[in-house]
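Asker: Have a look at this one before I ask anything.
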């Protein structure tokens, strides 16, 4: 096609074959699209059976691992809330970061080694999502870290920094609860946390922070994770407290050691 | 080495014998230069006098030097920063090299600080040098003050110099806080907001002062320029002047020394300024400079690029002031909330007023302590021999209580970080520290006093009977004894030479009356000196010698 057009331009005349070629292209495009559409339909059908399978598997996993607190139909008990309507994103976040199932009750569910495989988590999420509409697992295109960095940084400072610290190092909440550090958390889990509001976190829905803006925040967090610190050691990015401890212990401590050495009597 | 190089001030004035040798070319030039200056200034007497000043050698006597040298580093690096910093709150859009802030609106102050950090060659290093040196400056001033306090070096004739030093400490905190607020980043703006809140909490005048300070409603567009003027003009001038007075008074009063053989209230044993002390001090300056450079080149301080420009709505978790303002922040965190009284339509905010009162009282007590102690003890003598802390148990205990009080407030400023890092609840940490603020100093007082008395007892025991040598000897009669190794006279001197005080006797004055003041003084004096271990006397030592 390219060579054809090229030759055409060189000759400066429209070839008589052009109309035929255009017709051919049009037909191919329509037919191809139709074929693709029917193929998608059959793929949908295939995934539908897969979803049913996942749902069944999820229900079994739920009954075995979650139901003792959340109830057999996820209706909730005295110990744990109902999961009807929390959506797949919530399950994927809680189970995918190891927070659920909880090791022990405490101020909040804490991150620990993940207890299930990817497939099992997907099964659980599918089953819980089937119970009622809720936030879905986010679209890949928002997780690429290609959003607007400066907008993401500003949104992070305004919406997230009061709990998670400007550098994402985490911070204290009331009654032993805390906002964990968020640098190094996978983009998917960051997104899911924003739309589901796990533990004490508020929900940032799409009307509050648009998906593009969430993507920008993820971009900033990935920047924090991958960029090197311009000023040297970061001391945990905790601000003036760690700086004060450092100057007293290491700098002044070192200088005092030197003064002791300088004034020591030689033997 | 120190012992052999030792000179005393009494012998120092003796002229050294000069051997007559034909001077070389270089020496002739130096002589000519010296004469030239001498003819026009008569400086030689001053140099001779100053050059033969004696400085005793002890590591703790060098802490003030650390403060002085870090101040020099602050001046040098600060001058560099003024070349590039713009103390203006004009709105600009950042267009420098730091990608996450590109296109963000901010003040010119913040933008120029970012430029210093990312676009000026060596700028970030100089910023970090300046800030780390500032932290070290205030820290070394604090440690120096503790040394002076615990060795009683503030006693007559040095009370005034204690006050000058105290003023320096306050000025240093002022310098630190104004500097912390200059970059106009989120952290500094939050710090200013707290100050603004405290000022506004003062009844009647608070709001007026706040509007005066910020040139309108907080944050306004004036505060950075005003703080800059204070930071680089007024406060440094006052600091330099106070350092000058501090050093002159130190030379006039002479330096204190610890007790030792040949050291009396009337002399100073140590090395003269020229050449030994000057050489050591010059070298030590570069050591301090080197440590600051090392820290500044390896460790981040105040990453304003993380904080972003100031905006009154956001705040970061873990927002704290620099360490030396921490005690004030901590006091604000410790005061129970909701302490308010509504009176004729006005709200009196006790949770602001009480911290201000407590902090003010604490600071004032530190400033006037030398005069309080002098009044209680009634001691009008000059003191040039520094106390070992254990030999002044009550003072040491008061100091320990003060340090504990300060430390609790200081710790409270990081209550949130203590909670997250030790897995505690922030309320629990706060309640514990609230209790510790009251009980901690009392416990510290009692423990420190008992420890001092115990150490004095131990010293007394060692002075009289020597060290346990660990050598067991069986006597002909079958008795086992452990041989005690007697101290040399030199070592014993340190243990036995301190002043003994006794509580004041309450006596009627000339009119035959006992005034209330005298009574109070008697009670306080008893509190000060009731528990004491008397120094070992000559006869006791001799008696102990006869025993063995």
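No lab work stands behind these numbers, since they all come straight from the coordinates. No experiment lies behind these values; they were computed from the predicted model shown. Here Cβ is always computed from backbone atoms with ideal geometry, including for glycine, and neighbour counts include all displayed protein chains.
Asker: For a paramagnetic label modelled at 7 Å from the Cα of residue B:435 toward its Cβ, which residues of region A:171-209 fall within the zone defined by backbone nitrogen distances under 15 Å?
Answerer: None, by backbone N distance to the label point.
Asker: What angle, in degrees between 0 and 90 and rounded to the nearest 10, separates the Cα long axis of helix B:426-465 from the longest principal axis of the Cα atoms of chain B?
Answerer: That helix lies at roughly 20 degrees to the long axis.
Asker: What spacing in nm lies between the two simple spin-label points modelled at residue B:446 and residue B:82, each 7 Å away from Cα in the Cβ direction?
Answerer: 5.4
Asker: Assuming R0 = 60 Å, what is the FRET efficiency of residue B:194 and residue A:15, from their Cβ-Cβ distance, to the nearest 0.05? Provide the component values of the computation, followed by the final result.
Answerer: On the way: r = 79 Å, r/R0 = 1.32.
That pair, residue B:194 with residue A:15, gives E of 0.15.
Asker: Still on this structure, I have one more. Tell me the label-point distance for the pair residue A:261, residue B:264, using the 7 Å Cα-to-Cβ offset, in nm and rounded to one decimal.
Answerer: 3.9
Asker: For region B:155-233, just the Cα atoms, rotate onto the principal axes and tell me the three extents in Å, largest first.
Answerer: 48, 31, 20
Asker: Another one. Please compute the contact order of region A:138-229 in relative form: average sequence separation of alpha-carbon pairs under 8 Å and at least six residues apart, divided by the residue count, as a percent. Before the final figure, lay out the partial values.
Answerer: Numbers: 128 pairs, mean separation 38.7, N = 92.
Across region A:138-229, relative contact order equals 42 percent.
Asker: Cα axis of helix B:538-547 to longest principal axis of chain B: angle in degrees, 0 to 90, nearest 10?
Answerer: 60
Asker: Just for chain B, what percent of DSSP beta bridges are antiparallel, to the closest 5?
Answerer: Numbers: 18 of 20 bridges.
Antiparallel: roughly 90 percent of the beta bridges in chain B.
Asker: To the nearest 10 degrees, how steeply does helix B:516-529 sit against the main Cα axis of chain B, on a 0 to 90 scale?
Answerer: The answer is roughly 70 degrees.
Asker: Let me ask something additional. Determine, for B:305, B:132, B:32, the number of other Cβ atoms within 10 Å of each Cβ, and report the residues in order from fewest to most.
Answerer: Values: B:305 24, B:132 28, B:32 10.
Ranked by crowding around the Cβ, least crowded first: B:32, B:305, B:132.
Asker: For region B:69-88 and region B:462-530, what is the centre-to-centre distance using only Cα atoms, to the nearest Å?
Answerer: 52
Asker: So what's the Cα pair-distance distribution over region B:388-548, bin width 5 Å, in %?
Answerer: 1, 8, 11, 11, 11, 11, 10, 10, 9, 8, 5, 3, 2, 0
Asker: Indicate, rounded to the nearest 5 percent, the antiparallel portion of the DSSP beta bridges found entirely in the protein assembly as shown.
Answerer: Details: 20 of 23 bridges.
Once the DSSP bridges in the protein assembly as shown are tallied, antiparallel ones form about 85 percent.
Asker: Taking 8 Å as the Cα distance limit and 6 or more residues as the minimum spacing, I'd like the relative contact order of region A:46-136 as a percentage. Spell out each step's value before the answer.
Answerer: Working: 135 pairs, mean separation 35.1, N = 91.
Contact order relative to length: 39 percent.
Asker: Still on this structure: How large is the translational diffusion coefficient of chain A in µm² per second when you combine the Kirkwood radius over alpha carbon pairs with Stokes-Einstein at 20 °C and 1.002 mPa s? Numbers along the way, then the final one.
Answerer: On the way: Rh = 23.3 Å.
For these conditions, the coefficient is 92 µm²/s.
Asker: Take every Cα pair under 8 Å in chain B that's 6+ residues apart, average their separations, divide by the length, and report that relative contact order as a whole percent. Intermediate results must be reported in sequence, preceding the final value.
Answerer: Numbers: 692 pairs, mean separation 89.4, N = 548.
Averaging sequence separation for qualifying contacts and normalising by length gives 16 percent for chain B.
Asker: Now, a different point. Where Rh is the Kirkwood radius over the Cα pairs of chain B, the temperature 10 °C and the viscosity 1.306 mPa s, what D in µm²/s does Stokes-Einstein return? Before the final figure, lay out the partial values.
Answerer: Numbers: Rh = 27.8 Å.
For these conditions, the coefficient is 57 µm²/s.
Asker: Counting helices only, and only those DSSP H runs with n ≥ 4, report the 222 nm mean residue ellipticity of chain B as the sum of -39,500 (n - 2.57) divided by its residues, in deg cm²/dmol to the nearest 500.
Answerer: -19500 deg cm²/dmol
Asker: Right, next: Can you give the calculated 222 nm mean residue ellipticity of chain A, where each DSSP H run of n ≥ 4 adds -39,500 (n - 2.57) and the sum is split over every residue, rounded to the nearest 500 deg cm²/dmol?
Answerer: On the way: 11 runs with 145 residues, N = 267.
Helix contribution divided over all residues of chain A: -17500 deg cm²/dmol.
Asker: Just need log10 I(q)/I(0) for region A:46-136 at q = 0.14 Å⁻¹, Debye formula, equal scatterers on the alpha-carbon atoms, no solvent, rounded to two decimals.
Answerer: Taking Cα atoms of region A:46-136 as identical point scatterers yields -0.44.
Asker: Additional query: Tell me, A:154, B:159, A:56 in order of fewest to most beta-carbon neighbours within 10 Å?
Answerer: Details: A:154 24, B:159 16, A:56 13.
Going from least to most buried by this count: A:56, B:159, A:154.
Asker: Right, another one. Full-extension gain between residue B:22 and residue B:343, please, as 0.36 nm times their residue separation minus the C-alpha to C-alpha distance.
Answerer: Details: separation 321, 0.36 × 321 = 115.56 nm, distance 8.88 nm.
This chain segment gains 106.7 nm when fully extended.
Asker: Measuring from label point to label point, each 7 Å out along Cα→Cβ, what is the residue A:114 to residue A:174 span in nm?
Answerer: Taking the two extended label points, one gets 3.4 nm.
Asker: Order of B:175, B:22, B:461, A:140 from fewest to most other C-beta atoms within 10 Å?
Answerer: Numbers: B:175 25, B:22 6, B:461 15, A:140 9.
So the ranking, lowest neighbour count to highest, is B:22, A:140, B:461, B:175.
Asker: Additional query: Which value results when the Cα radius of gyration for the protein assembly as shown is divided by 2.2 N^0.38 Å?
Answerer: Here the Cα radius of gyration is 1.30 times the empirical estimate.
Asker: Let me understand region A:138-229 better: what is its radius of gyration from the alpha carbons, and its Dmax, in angstrom?
Answerer: Rg then Dmax for region A:138-229, in Å: 12.2, 38.
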